[in-house]
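Visitor: Have a look at this one.
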Amino acid sequence: MSKAMNRNVAMLPGSFDPPTMGHMNIIERSAELYGKLYVVVADNIQKKCLFTAVERRSMLAVLLKDFKNIEVCVWQGLVVDFARDHHIGVMIRGVRALVDFGYEFELAMTNKQLFPELEILFMPTDPTYFILRSSAIKEMAAYGADISKMVPPLVAENMRNRIKLLT
Ligand code: ADP
């Protein structure tokens, strides 16, 4: 391992469009394991999102303000480049079901090829949250379903306002 990398520093990248209770669970559990955790909001111009990357970062920053070892960032490039720049030793990805695993495994193989020194760990979801998926929650919200148990109250309110604007 290069001296520049720190195995006590981890990152959790994702779209977080929007942040869900499942994300919060995986973030809080990861923060307990490492001295520092970067939550990295991917600003992927090819992905059509309900919230801008800055809005997603702001929501996460408010929701995670009590965790002194968590920093929320926006990143436009490859996640491995964020890891390199910030001397991060571990990347965590949450997995909900077997379907996630196939995709995550391939992604891990690619990232490992790009940056072999980065350790990539999978954290299984808490069973309470295993059905939570941002895309499904957005669809439910658009049809007026009650999403209050799936996302934090701040996110539910922002989603209601955003959907009102779009319809
Ligand atoms: P992506 O855009 O790569 O799909 P997401 O924003 O959906 O990323 O999620 C970010 C991270 O959180 C990923 O590692 C994803 O697997 C994980 N995640 C999302 N929802 C849940 C959940 N309900 N339980 C556990 N992990 C989750």
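Bear in mind these aren't lab numbers, they're just calculated from the coordinates by the rules spelled out. For clarity, every value in this text was computed on a predicted model and none was experimentally measured. Methodologically, a virtual Cβ is constructed for each residue, glycine included, from the backbone with ideal geometry; neighbour enumeration extends over all protein chains shown.
Visitor: Ranked highest first by the average count of other Cβ atoms within 10 Å around their residues, in what order do 16-22, 107-113, 70-76 fall? Before the final figure, lay out the partial values.
Guide: Numbers: 16-22: 23.1, 107-113: 13.7, 70-76: 17.6.
Answer by packing, highest mean first, reads 16-22, 70-76, 107-113.
Visitor: Local charge sum around A136 (other residues, Cβ-Cβ under 15 Å, Lys/Arg +1, Asp/Glu -1)?
Guide: On the way: positive: R96, R133, K138, K149; negative: D17, D100, E139, D146.
Local net charge: 0.
Visitor: When averaged across all projection directions, what area in nm² does the alpha-carbon convex hull of the chain cover? Intermediate values should be presented prior to the final figure.
Guide: Values: hull surface 38.7 nm².
The number I arrive at for the chain is 9.7 nm².
Visitor: Of the options F67, S148, N161, report the single residue whose Cα projects farthest towards the positive end of the charge dipole of the chain (beta-carbon charges: Lys, Arg +1; Asp, Glu -1).
Guide: N161
Visitor: Grab the other residues whose beta carbon is less than 11 angstrom from that of K112, score K and R as +1, D and E as -1, and report the net. Walk me through the numbers before you get to the answer.
Guide: Details: positive: none; negative: E106, E117, E119.
Computed value for this residue: -3.
Visitor: While we're here: If you plug each phi of the stretch 108-121 into the Karplus form 6.51 cos²θ - 1.76 cosθ + 1.60 with θ = phi - 60°, what whole-Hz ³J(HN,Hα) values come out, in order, with x for Gly and Pro?
Guide: 5, 5, 5, 5, 5, 5, 6, 8, x, 7, 7, 7, 10, 10
Visitor: Using a simple charge model, +1 on the beta-carbon of Lys and Arg, -1 on the beta-carbon of Asp and Glu, nothing else, what dipole does the stretch 1-56 show about its Cα centre, in debye to the nearest 20? Don't skip to the end; give the middle numbers.
Guide: Working: 7 positive and 5 negative charges, 48 e Å.
Value, rounded to 20: 240 debye.
Visitor: Could you let me know the centre-to-centre spacing of the stretch 108-167 and the stretch 17-31, using Cα atoms, in angstrom?
Guide: Using only Cα atoms to place each centre, the spacing works out to 8 Å.
Visitor: Would you work out the charge dipole size for the chain about its Cα centre, treating the Cβ of every Lys and Arg as +1 and the Cβ of every Asp and Glu as -1, and quote it to the nearest 20 debye?
Guide: Values: 20 positive and 18 negative charges, 49 e Å.
Dipole magnitude for the chain comes out near 240 debye.
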